[in-house]
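Visitor: Below you'll find the structure I mean.
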Amino acid sequence: MIITTATSGFPTFLRTIEEFEAWEKQQPHEGSYEFVRGRIIPKPSMKQEEFYIADFLTRKFIRTKAFEAGHTLMAEGDSYIDNVRKRIPDLTYTTAQQHKAIRCGERINTFFAIEILSESESYDDVLEKLQDYFDGGTKLVWYIIPKRRKIFAYTSPDESKAYKEQDVISASPLLPDFSFTVSDLFA
């Protein structure tokens, strides 16, 4: 197969995750890439000013029953939607059962994705990511918007609730003991 590249330098004829990951293994590169229906999307790593958010959430998570049961909240882990879409949430929740599946070579999608809105993301980008996550079986997506000190909790691509200041956000029913006051996140 002849691979041509777009002006971005990325191949334009990769169609599946398998083709994309084979290409990715052969390419010297820094950083990560999401793959969505033939498009290779550079995934910038978490910025230093976002570290405090990931740290806060991770510290809250390790106090949950889910953590005690072997589940994890991990930064920038692959989340496979189907054979043509792979996303990389800023933080992804995976269960102990999913860890076993990964060790057996299976690809999994997260049940709970946390995204920190970057300045380069458009509203269309957000909507596309939301649709992808829920298409793959995700139950909850939090979109954190640091500049507005808000968190949008999505339970479907079309249903969300905004949380700010003294609101208490919870990952219930998925993780009922993973909750906090929004202002504490931005303190």
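The values are calculated or read from the model by the stated rules, or taken from the named source; none is laboratory data. A quick note: this is a predicted structure, and the numbers were derived from the prediction, not measured. Heads up, the Cβs are rebuilt from the backbone with ideal geometry, glycines too, and the neighbour counts pull from every protein chain shown.
Visitor: Considering only segment 61-72, how many residues are in contact (Cβ under 8 Å) with a residue 24 or more places away in the chain and closer than 15 Å to PHE112 by Cα? So that I can check it myself, show each step before the final result.
Guide: Applying the first criterion (in contact (Cβ under 8 Å) with a residue 24 or more places away in the chain) to segment 61-72 yields 61, 63-66, 69-72.
Next, from what is left, pick out any that are closer than 15 Å to PHE112 by Cα: 61, 64, 66, 71-72.
Residues in segment 61-72 being in contact (Cβ under 8 Å) with a residue 24 or more places away in the chain and closer than 15 Å to PHE112 by Cα: 5 in total.
Visitor: Here is a check on your reading of the model: is THR138 closer than 30 Å to ARG107 by Cβ and either out of contact with any Asp or Glu (no Cβ under 9 Å at 6 or more places or on another chain) or part of a strand (DSSP E or B) (or both)? If you could, list the steps in order and put the result at the bottom.
Guide: On the way: closer than 30 Å to ARG107 by Cβ: yes; either out of contact with any Asp or Glu (no Cβ under 9 Å at 6 or more places or on another chain) or part of a strand (DSSP E or B) (or both): no.
Taking the combined requirement at face value, the residue does not satisfy it.
Visitor: List, please: which pairs have Cβ atoms under 9 Å, are six or more places apart or on different chains, and start with a residue in segment 7-29 that is without any contact (Cβ under 8 Å) to a residue 12 or more places away in the chain and end with one that is exposed (fewer than 15 other Cβ atoms within 10 Å of the Cβ)?
Guide: Once the first residue is without any contact (Cβ under 8 Å) to a residue 12 or more places away in the chain and sits in segment 7-29, its partners that are exposed (fewer than 15 other Cβ atoms within 10 Å of the Cβ) give GLU19/MET1; GLU19/PHE13.
Visitor: Same structure again: Going by the conditions given, is SER120 loosely packed, with under 14 Cβ neighbours inside 10 Å and within 20 Å of LYS43 (Cα to Cα)? Let's see the steps before the verdict.
Guide: Details: loosely packed, with under 14 Cβ neighbours inside 10 Å: yes; within 20 Å of LYS43 (Cα to Cα): yes.
Considered against the rule, which asks whether it is loosely packed, with under 14 Cβ neighbours inside 10 Å and within 20 Å of LYS43 (Cα to Cα), SER120 comes out as yes.
Visitor: So which residues in segment 11-28 are in contact with a Pro (Cβ under 9 Å, 6 or more places away or on another chain) and under 28 Å from ILE144 (Cβ atoms)? Please lay out each step first, then the result.
Guide: Taking segment 11-28 as the starting set, the residues that turn out to be in contact with a Pro (Cβ under 9 Å, 6 or more places away or on another chain) are 19-20, 23.
If the condition is that a residue be in contact with a Pro (Cβ under 9 Å, 6 or more places away or on another chain) and under 28 Å from ILE144 (Cβ atoms), then PHE20 is the only one that fits.
Visitor: Checking the condition modelled with pLDDT under 95 and either surrounded by fewer than 18 Cβ atoms within 10 Å (Cβ to Cβ) or hydrophobic (A, V, I, L, M, F, W, C) (or both), which residue from ASP82, ASP125 passes? Walk me through how you get there before you give the answer.
Guide: Working: ASP82 fails: modelled with pLDDT under 95.
On inspection, the qualifying residue turns out to be ASP125.
Visitor: Can you tell me which residues in segment 64-73 are surrounded by fewer than 16 Cβ atoms within 10 Å (Cβ to Cβ) and among the aliphatic types (A, V, I, L, M)?
Guide: Residues of segment 64-73 surrounded by fewer than 16 Cβ atoms within 10 Å (Cβ to Cβ): 65, 68-70.
Scanning segment 64-73 gives a single hit, ALA69.
Visitor: Assuming SER120 fulfils every condition listed in (1) under 19 Å from ILE145 (Cβ atoms); (2) over 13 Å from the mean Cα position of the chain (by Cα); (3) part of a helix (DSSP H, G or I) apart from one, which condition is it?
Guide: The single condition SER120 does not satisfy is (3).
Visitor: Is it fair to say PHE152 is in a strand (DSSP E or B), free of Cβ contacts under 8 Å to residues at least 24 places away in the same chain and out of contact with any helix residue (DSSP H, G or I) (no Cβ under 6 Å at 6 or more places or on another chain)?
Guide: On the way: in a strand (DSSP E or B): yes; free of Cβ contacts under 8 Å to residues at least 24 places away in the same chain: yes; out of contact with any helix residue (DSSP H, G or I) (no Cβ under 6 Å at 6 or more places or on another chain): yes.
Taking the combined requirement at face value, the residue satisfies it.
Visitor: Go through segment 87-98 and report how many residues are surrounded by 14 or more Cβ atoms within 10 Å (Cβ to Cβ), more than 22 Å from LYS47 (Cβ to Cβ) and of a type outside the set (Val, Ile, Thr).
Guide: Looking only at segment 87-98, we keep the residues that are surrounded by 14 or more Cβ atoms within 10 Å (Cβ to Cβ), and these are 87-95, 98.
Applying the additional criterion that residues be more than 22 Å from LYS47 (Cβ to Cβ) yields 94-95, 98.
Next, only the ones that are of a type outside the set (Val, Ile, Thr) stay: 98.
Of the residues in that region, 1 qualify.
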